[in-house]
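The values are calculated or read from the model by the stated rules, or taken from the named source; none is laboratory data. Because the structure is predicted, anything quoted here is derived from the model rather than measured. Quick reminder, even Gly has a Cβ in these numbers, built from the backbone with ideal geometry, and neighbours come from all protein chains shown.
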Amino acid sequence: MNLRSAAVYTVELGLLLSVAAILVGQFYGTPVLLSFVETGSMAPTMEAGDGFVAIPAAVAGPVERGDVVTFEARNLHGGGLTTHRVVGETNQGYVTQGDANTVTDQADTEPPVSDGQIKAKALRVDGDVVVIPHLGTAVMGLQDGLGRAQQGLAATLGTSALLGTQGLSYLLFGFGTLVYAIGLFEERSGRPRGDRSRSRSRPHVYDGRTILLASILFIATVSMGTMGAMSGTERIDIVSASFDSERPTVIPAGEQRQWNDTFYNGGVIPVVTTLEPTSGGIETGPPDHVRLSRGESANVTVTVTAPPETGAYVRSYAEYRYFVVLPPSVILSLHAIHPWLAMSAVTAVISTVFVVPVLFVTGFGPVRTRERKRESPTGWW
């Protein structure tokens with residue numbers, strides 16, 4: 001492979017990984033490395049269909065005024081992921097607004113955004129968001145094309161098994177298997193495809209174990225990173241006061257106050273969420289955990305007790321989310337030992353499901369690809 005071919009291959013691989021990262025992020029319901037905006041609410045910073053680099057909240061650092069964040073909206077546009085700029089902060093959470101909007105989200109129907117709702121921050125360089133023009137437009141076009149193909153095949157074959165994300169995985173797996181089978185048949189038969197005047201160049205050989213290991217590392221990184229991004233710590237700043245107040249975070253000394261924390265699953269895979277206090281003076285539940293399928297939401301009670309002494313205090317609790325690819329009881333038992341153990345078990349299952357097709361196609365042996373070039377009878381090209 002010459003330098004030009006290597007450069008083309010690198011660019012193609014980068015584009016493929018970029019599209020894969022966005023599709024995986026939509027599958028999981030949280031940004032993974034890259035994301036995009038679907039509307040013009042962030043214009044002129046980002047036009048509809050523009051992409052951006054999404055830094056997971058777990059490693060992005062504290063949220064500050066001016067940051068562009070992707071958060072899990074409660075009411076805005078029916079709920080789900082929204083990308084807007086942080087324009088202020090209150091005791092209840094962050095105030096957000098699209099650059100093209102005339103009012104804040106909180107002036108509409110959305111309550112203040114908490115740290116637990118923020119899934120990612122857009123990468124900024126010298127204060128400006130790093131924008132990838134039309135990345136989302138290309139991905140949405142690909143999704144529309146795949147959707148139409150799925151619907152056509154489902155109607156032709158008379159089955160609904162080919163619809164949705166699971167159906168798409170069936171089609172991609174079947175297509176890859178078919179391509180590999182055709183290539184294997186031609187390799188064993190000794191007959192080159194197409195015109196006999198084509199000459200074969202030296203084959204490129206790739207180690208099947210390397211491909212398998214790269215697939216495992218990619219899926220494991222995405223799985224662990226996504227669960228880490230969905231999890232996090234919720235901080236509540238309260239004031240223990242000697243008087244009553246309408247503000248929910250101002251609590252009379254020695255008394256308790258309760259409110260509901262709402263959880264929503266915008267991804268395809270069901271998730272189980274469990275909460276744990278990470279400071280004194282706070283209790284979570286009932287319930288102690290919730291299982292959410294796609295589009296479902298649930299409330300968990302949070303009880304905060306104000307100390308007898310007046311003053312400002314911080315209360316916090318941790319939220320852990322796991323994909324339900326194992327029985328919830330098994331996941332919660334592993335979580336009780338350590339959250340990383342539960343995440344590792346879930347990641348092992350997800351990696352196995354995604355990697356088995358790769359193993360079936362490539363195996364552990366060498367994978368050969370050939371570059372063919374045409375020769376004209378006159379030898380001019």
## Note on the structure
The correct count of residues that are part of a strand (DSSP E or B) and either closer than 19 Å to ALA107 by Cβ or among the small types (Gly, Ala, Ser) (or both) in region 69-83 is 6
### Message
Please go through region 284-295 and give me each residue that is of a type outside the set (A, V, I, L, M, F, W, C) and either at pLDDT below 85 or surrounded by 14 or more Cβ atoms within 10 Å (Cβ to Cβ) (or both), ordered by number.
### Response
THR284, GLY285, PRO286, PRO287, ASP288, HIS289, ARG291, ARG294, GLY295
#### Entry: Matching strands (runs of 3 or more DSSP E) fully within region 224-303 where at least 2 residues are in contact with a Phe, Trp or Tyr (Cβ under 8 Å, 6 or more places away or on another chain) and closer than 29 Å to THR347 by Cβ
232-241, 271-277, 289-292
### Task
Confirm whether VAL314 is in a strand (DSSP E or B) and either surrounded by fewer than 17 Cβ atoms within 10 Å (Cβ to Cβ) or without any contact (Cβ under 8 Å) to a residue 12 or more places away in the chain (or both).
yes
### Close pairs from region 240-254: first assigned by TED's automatic domain parsing to the domain that holds ALA312, partner of a type in the set (Ser, Thr, Tyr) and not in a loop (DSSP other than H, G, I, E, B), Cβ under 9 Å, at least 6 apart
SER240/TYR313; VAL250/SER240; ILE251/SER240; ILE251/THR305; PRO252/SER240; ALA253/SER240; GLY254/SER240; GLY254/THR305
### Task
Could you look through region 57-68, keep only residues that are assigned to a loop (DSSP other than H, G, I, E, B) and surrounded by fewer than 17 Cβ atoms within 10 Å (Cβ to Cβ), and pick out the one that is nearest to the chain's Cα centre (by Cα)?
GLY61
### Summary
Of those in region 325-343 that are part of a helix (DSSP H, G or I) and touching a residue at least 24 places away in the same chain (Cβ under 8 Å), the residue nearest to ILE216 (Cα to Cα) is MET343
#### Entry: region 75-108: number of residues that are under 18 Å from THR39 (Cα atoms) and either in contact (Cβ under 8 Å) with a residue 12 or more places away in the chain or within 21 Å of the chain's Cα centre (by Cα) (or both)
21
